[in-house]
Structures are given as C-alpha cells and as structure tokens.
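For reference, the structure discussed in these notes is given below.
The values are calculated or read from the model by the stated rules, or taken from the named source; none is laboratory data. These numbers were taken from a predicted model, which means no experiment stands behind them. Cβ sites come from the backbone with ideal geometry, for glycine too, and all protein chains shown count toward neighbours.
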Amino acid sequence: MAQSLGGQPTPWKLGMQDGVTPVWTDMSNFHDLLMWIITLISGFVLVLLVYVMVRFRAAANPAPSKTSHNTLVEVIWTVVPILILIVIAVPSFKLLYFADKTHDSELTIKAIGKQWYWSYEYPDNGNFTFDATMTADADLKPGQPRLLETDNAVVVPVNTNIRLLVTAADVIHAWAIPAFGVKKDAVPGRTNETWFRAEREGVYYGQCSELCGANHAFMPIKVEVVSKEAYAKWVEEAQQKFATVDGPSPRLADARAAQ
C-alpha cells in the first residue's frame, strides 16, 4: 500500500515511511538499533524499580539498612553506560559522514527555498531553472495528494548519485524527503550540500521542514525518479520549456508580459 501511494505516509502504518536510498537504509537500521537499546534499558530500569518497591518496602524492612556505598555497583553503573554510548556512537558517526555528501556525484541540482515555493536549477544540463508551486485543491487530478502535489516536479534518473545544493532567497527553509532520508536546511547567503541515490523509480513527496512563515505548510516537494533514458528525454524537453538561469524565470517573464 505504501508503494502504491508513491513515497507517502500510509494510514495506520507503524514505523518509518518506506525508503529508496542507501542513506535511508542506514538510518532505518540505526533507528532499529536504538529502539532495541532503549527498550532493554527501559525494561531493566522497570525491573529494578519493581524489585526495590517490593524488596525494600517498609513492611519488609522494619529495620532499614544503613548501606550508603558499594564500589562494585558504582563501577558498573559508570562503565556500562560508557559501553552503551560507544555502541551508539560508532554507527552514528559513520551515518553522519555517509549522509553528509557524496564524493562521486553524477548530477548536481540546486534547490532554492522562497516564500513560499521552491526554485530548481540544473547546472549540468544547460543551466535551466524552474519554479515548483503547490497545486491548488481545485486543480488536483485523481490520485494526486492534497498539499503535496506541485505544478513542476524535480526529475532525476534512477541509480544515480545526485548532489543537492540547498539555499534560500529570503528566510530559512528546509528541503526534506522522508523516503530519501534527506533533510537539509536552506539558509539565505549559505549553500548547504547533501546527496541521495534513489534506487527505485517512482514519485516521492516531501515538504519544507523549517517554520518559514504564514504559508510554511504549503510549499511541498515532488521528486520523480525515472529511468536514465526517460531522464535524457525530459532534459531535452525541459531545456526548451524553462528559461536559463541567466535569463528571467518563467514566473517573472509571465508577470512582465501581463504588465
């Protein structure tokens, strides 16, 4: 069901949204590891609390113990948490470095957050640019999700290392696609970098994940992952459809024409 919805949350689904990138896979595995550790620690603490309440209750101890120090116990409760933190830190640091950026990028895309829509640039394919705004409810077609559909989609080829440059033109935004395991802040005057490699074709959705103003909830992200052949064909069409970065954007050109 989750796959049929195309990278969207599924009603009544437990756990994280299904993912399609290596980074998401590592994040999911790390999440599962932490859940086991948290569950074991919580269970152990619960058992200790129940034992203390039963074993050392007033009725069972009319003459309470005066013990206030135990070297072995103090060594254990110092060493064991350190070992647990090491077990958590090793995969955590590996994941942080792995998710940071790719050294073997095959395609670069730049996402620019604006109030309240996204602009995209394709410097490796003719340097064209376009805006992606949310599709209004009245314009939605059957099967298109409300508040997630956009008029233009980010199109990328499958099984390709995509370097994503993220920035903003006004306030702080955040480019996030749960199915990719990607969430990167878009900060004015700064270009942040992340990457993804979608391993399955389909349509995947995300949203701005940084409170950016009154219409923060209405600047979704739509990514279409297609075959490399379909991507090459789309690039040819996009080069004709969209203006280049050096010229006015389609949105600006339409505004000038209206004037």
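So which residues in the range 175-198 are of a type in the set (Gly, Ala, Ser) and surrounded by fewer than 23 Cβ atoms within 10 Å (Cβ to Cβ)? Spell out how you get there, then give the answer.
Just the residues of the range 175-198 that are of a type in the set (Gly, Ala, Ser), to begin with: 176, 179, 181, 186, 189, 198.
Across the range 175-198, the qualifying residues are Ala176, Gly189.
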Neighbours by Cβ (under 7 Å, 6+ apart or cross-chain): first from the range 39-62, not assigned by TED's automatic domain parsing to the domain that holds Ile84 and aliphatic (A, V, I, L, M); second surrounded by 10 or more Cβ atoms within 10 Å (Cβ to Cβ) and modelled with pLDDT under 95: none
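Looking at the structure I just gave you, is Lys13 more than 17 Å from the chain's Cα centre (by Cα), assigned to a loop (DSSP other than H, G, I, E, B), closer than 29 Å to Val203 by Cα and of a type outside the set (Asp, Glu)? Please lay out each step first, then the result.
On the way: more than 17 Å from the chain's Cα centre (by Cα): yes; assigned to a loop (DSSP other than H, G, I, E, B): yes; closer than 29 Å to Val203 by Cα: yes; of a type outside the set (Asp, Glu): yes.
Answer is yes for this residue.
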Could you please tell me which pairs satisfy a Cβ distance under 7 Å, a separation of 6+ or placement on different chains, a first residue in the range 129-153 that is basic (Lys, Arg), and a second residue that is surrounded by fewer than 17 Cβ atoms within 10 Å (Cβ to Cβ)? Arg146/Asp137; Arg146/Leu140
I'm told Thr167 meets every condition in (1) surrounded by 18 or more Cβ atoms within 10 Å (Cβ to Cβ); (2) at pLDDT below 95 except one. Can you identify the failing condition by its number? (2)
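Given the structure, is Glu229 modelled with pLDDT of 95 or more, part of a helix (DSSP H, G or I) and out of contact with any His (no Cβ under 7 Å at 6 or more places or on another chain)? Walk me through how you get there before you give the answer.
Working: modelled with pLDDT of 95 or more: yes; part of a helix (DSSP H, G or I): yes; out of contact with any His (no Cβ under 7 Å at 6 or more places or on another chain): yes.
Answer is yes for this residue.
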Give me the pairs, please: first residue somewhere in the range 231-243 and farther than 15 Å from Ser119 by Cα, second residue anywhere and polar (S, T, N, Q) and assigned to a helix (DSSP H, G or I), beta-carbon distance under 6 Å, and either six or more positions apart or on two chains. Val235/Asn125
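Considering only strands (runs of 3 or more DSSP E) fully contained in the range 94-210, which possess at least 2 residues that are of a type in the set (A, V, I, L, M, F, W, C)? It would help to see each step written out before you state the result.
Values: elements: 107-114, 117-122, 128-132, 154-157, 162-168, 173-177, 182-186, 192-196, 202-208.
Result: 107-114, 128-132, 154-157, 162-168, 173-177, 182-186, 192-196, 202-208.
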